[in-house]
Amino acid sequence: MEAIRVEGLTKDFTYYTKEVGVLNSLKNLVYRKTLTKHAVRDISFSIGQGEMVAFLGPNGAGKTTTLKMLSGILHPTGGHLSVLGYKPYERKKEFKKRFAIVMGQKSQLWADLPAAESILLNRYIYQVEEQAYRRTLDELVELLDVSHVLNVQVRRLSLGERMKMELIAALIHKPELLFLDEPTIGLDVVTQKRVREFLAYYNEHHRTTIILTSHYMKDIQDLCQRALIINDGRLVYDGSLNQVNGASAGSKIVKLKFADYVDPDGLGAFGTVRQSDGYQATLEIAKGQINAISRELLELFPVEDITIEEKPIEEVIVSLYDRKIPV
Amino acid sequence: MSFYMKYTRVFKLGVQASLEYRTDFIFSLVSAFFPIMIQYYIWTAVYGQSDNGEFFGYTYEEMILYTIMAAVVTKIVATNMDHVIASDIKNGSLNKHLVQPADYFGLKLFSLLGQKMFFFSVMLVILFAVLFYCSALYEIRIPAANLACFAGVLALSLVLNFLISYTIAAIAFWLAEISYFFEMTGLFVIILSGGVFPVEVFGKTANAVLSCLPFKYTIYFPANVLNGKLAINEVLEGMLMQAFWIAAMLLVSKAVWRIGLKKYLGLGG
């Protein structure tokens, strides 16, 4: 079953610019040139129920704008959009009861009160029955291991604890669809891992469709089989993360360790030298030539150790960001 | 489960949140004292300079009592909600309400009522204490019926003031720089409402205009109910006007918000 279907989605914003200087500020009082920013341009995709999909892209690429349109916070300028069978921008109550959105940088909890109070408020807002509420709360609290801070004022919680509370508050009505905007932003590595494990478990056990944006590549590698990469408002990649490497059609990284000094200039002929200090070198070599070149390197230089690696996924994705051609 | 339970819940949360700010509340009480002092000396000087025992229809004693009552009523009904709501709009906190199956207006109103509940009760006690002391001191007799109506009048004032704030806050949909705007409107609304002087001070014309506006029913009217200046039938009439303005402002605020939200959501405009 399909949870989300998007066709030709477009969002334009109008804005003003101002040149540097007081004079231009005064000029702007009288006349302002209106410009249009195409935040999202003609995006199409569909997401099945129970899928876990990542939205990737640099800042300002249109990820959050797309997420806001999917959740009904923004009205699209053009295109068709169906989420759980509803048009999100109509903001029907039945629709709102079936999804949740967590924004890493915006809290939905009352800062002055314990998180338990905000969670209970959500129970009433989403009209969850007592028994179901108890069961869900117990499960979430145990999974995230936060029973000891449930009754502590939210503003006294650490960022990680607060994020876990945000997740509980968002999931208390068992949404079928969960949007996460930068859920691990600012968290330490251990907490990030914990949150990731939780999301993976939750997705698997409740078949909740999860869509997340993140800058942390680890989040995405661990969690999502599928990624949508957006750049400059366009969808530039839609597919499995394992194939992202193939999509970059590129090269591999060869790391060398030498027993003796090797002149860095002599390495340039074999591939792009990324780094070299005479005793260690990192080369980028086209995939087709890897075997031949490594053999040559081993023959010509006093190589102590050699490793061949895939390009780190971050780099591959950055190269995809630069693609302006839609898929 | 009843639909209204979320509102009672948010009301209770408001009560709890307000108890976290007890000290702040005490400071706000103390701060009310200074303008009262200033006005006390001004009016004492004004009345002292003149043989005329009455200004704008108020005797000296009535004027002082009005000043005190108005200051305390202002503390009760002034909500600061315009600020809170406007920053919700500006910083995007409104988003979380847009995606929840609950009404932003209802949640804000009930959380405000909850937050005011505790102070509302404390203020009532203070108000009556001051009132009995002053009325004995100045020998002003306040009809028992007025006292009985006062709590109701004050509650209506609070709701009316919330609606005015809620409507003004919608400006944030259009204006980018808002902090001084609300500083200005906040003070302006208090002055128009009679929080500083009784509205008679502004003269006949201004008074005629103010009579066609909701503001004076938030402070001027309740202060005068306690002052004993209004007869019981005038009090009831005033309460009807409060109810009328609450209904009117409800419609106005809904209309303004509908237009504002359209812009917020990026629907044309």
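Under the combined filter of DSSP loop state and at most 13 neighbouring Cβ atoms within 10 Å, segment B:65-147 retains these trypsin sites (Lys or Arg not before Pro): B:141. Residues A:181, A:222, A:188 in ascending order of nearby Cβ atoms (within 10 Å, fewest first): A:188, A:222, A:181.
Between residue B:28 and residue A:292, how high is the FRET efficiency from 1/(1 + (r/R0)^6) when r is the Cβ-Cβ distance and R₀ = 60 Å? Nearest 0.05. The value I calculate is 0.15. In terms of surrounding Cβ atoms within a 10 Å radius of their Cβ, B:209, B:99 rank from fewest to most as B:209, B:99.
Subtracting the Cα-Cα distance of residue A:306 and residue A:80 from their residue separation scaled by 0.36 nm leaves 76.1 nm. Karplus-derived 3J(HN,Hα) values for segment B:50-65, using 6.51 cos²θ - 1.76 cosθ + 1.60 with θ = phi - 60°, are 10, 7, 5, x, 10, 10, 6, x, 10, 6, 3, 5, 5, 5, 5, 4 Hz; glycine and proline are entered as x.
Computed from point charges on the beta carbon alone (+1 for Lys and Arg, -1 for Asp and Glu), the dipole magnitude for chain A about its Cα centre is near 1800 Debye.
Of all lysines in the structure, those lying under 29 Å Cα to Cα from residue A:311, and not within fewer than 8 positions of it along the same chain, are A:63, A:193, A:218, A:252, A:255, A:257, A:287, A:324. GNM, chain A, Cα, under 10 Å: largest mean-square fluctuation among A:24, A:122, A:291? Of the options given, A:24 has the highest mean-square fluctuation. Our estimate of slack between residue A:269 and residue A:204, defined as 0.36 nm per intervening residue step minus the Cα-Cα distance, is 18.5 nm. Shielding of peptide A:66-76 by partners, expressed as the average count of other chain Cβ atoms within 10 Å per residue Cβ, is 4.
Given a 10 angstrom Cα cut-off, can you work out which residue in B:58, B:180, B:138 is the most mobile in a GNM of chain B? The residue that fluctuates most here is B:180. Taken along the Cα-to-beta-carbon direction at a fixed 7 Å, the label points for residue A:176 and residue A:322 span 4.3 nm. Using R0 = 51 Å, the C-beta based FRET efficiency linking residue B:175 and residue B:44 works out to 0.80. The 3J(HN,Hα) values that the Karplus relation (6.51, -1.76, 1.60; θ = phi - 60°) gives for segment A:290-298 are, in residue order, 3, 4, 4, 5, 4, 4, 4, 4, 5 Hz. Gly and Pro appear as x.
Modelled this way, with points 7 Å down the Cα-to-C-beta line, the labels at residue A:225 and residue A:135 are 2.7 nm from one another. Of A:162, A:98, A:134, the residue with the greatest mean-square motion in the GNM of chain A, using alpha carbon springs below 10 Å, is A:134.
Mind checking the angle between helix B:232-264 and chain B's longest principal axis? C-alpha axes, 0 to 90 degrees, to the nearest 10. That helix lies at roughly 30 degrees to the long axis.
Working note: 222 nm ellipticity from helices only, DSSP H runs with n ≥ 4, each -39,500 (n - 2.57), summed and divided by the residues of the protein assembly as shown, gives -17000 deg cm²/dmol to the nearest 500. Evaluated with a Cβ-only charge set (Lys, Arg +1; Asp, Glu -1), the protein assembly as shown carries a dipole of roughly 1660 debye about its Cα centre, given to the nearest 20. With θ taken as phi - 60° and the Karplus curve 6.51 cos²θ - 1.76 cosθ + 1.60 applied, the whole-hertz 3J(HN,Hα) list for segment A:18-29 is 9, 6, 5, x, 5, 4, 5, 5, 5, 4, 5, 4 Hz, x standing for glycine and proline. Annotation: amide H-H contacts under 5 Å for residue A:81 (H modelled 1.01 Å from N, sequence separation of 5 or more, or interchain): A:7. Against the main long axis of the alpha-carbon atoms of chain A, helix A:115-125 sits at an angle near 60°. In the structure displayed, which of B:216/B:263; A:11/A:106; A:174/B:12; A:93/B:6; B:90/B:216 lie more than 20 Å apart, Cα to Cα? Checking Cα-Cα distances, B:216/B:263; A:11/A:106; A:174/B:12; B:90/B:216 exceed 20 Å.
For residue A:231, enumerate residues with amide H under 5 Å from its amide H, sequence gap 5+ or separate chain, H modeled in the peptide plane. Distant-sequence amide H within range of residue A:231: A:236. Of the residues B:152, B:207, A:180, the one whose Cα sits farthest towards the positive end of the charge dipole of the protein assembly as shown is B:207 (charges of +1 on Lys and Arg Cβ, -1 on Asp and Glu Cβ, taken about the Cα centre). Could you tell me the center-to-center distance, by alpha carbons, between segment A:70-93 and segment A:168-205 in angstrom? About 23 Å separates the Cα centre of segment A:70-93 from the one of segment A:168-205.
In this label model, residue A:193 and residue B:117 are separated by 4.6 nm, measuring between points 7 Å along each Cα→Cβ vector.
The calculated FRET efficiency for residue B:208 paired with residue A:33, based on their beta-carbon distance and R0 = 41 Å, is about 0.35.
Only the coordinates and a few stated rules stand behind these numbers; no lab work does. Not measured: the values here are computed from a predicted model. Because the Cβ atoms are built from the backbone with ideal geometry, glycine has one as well, and the counts that use them run over all protein chains shown.
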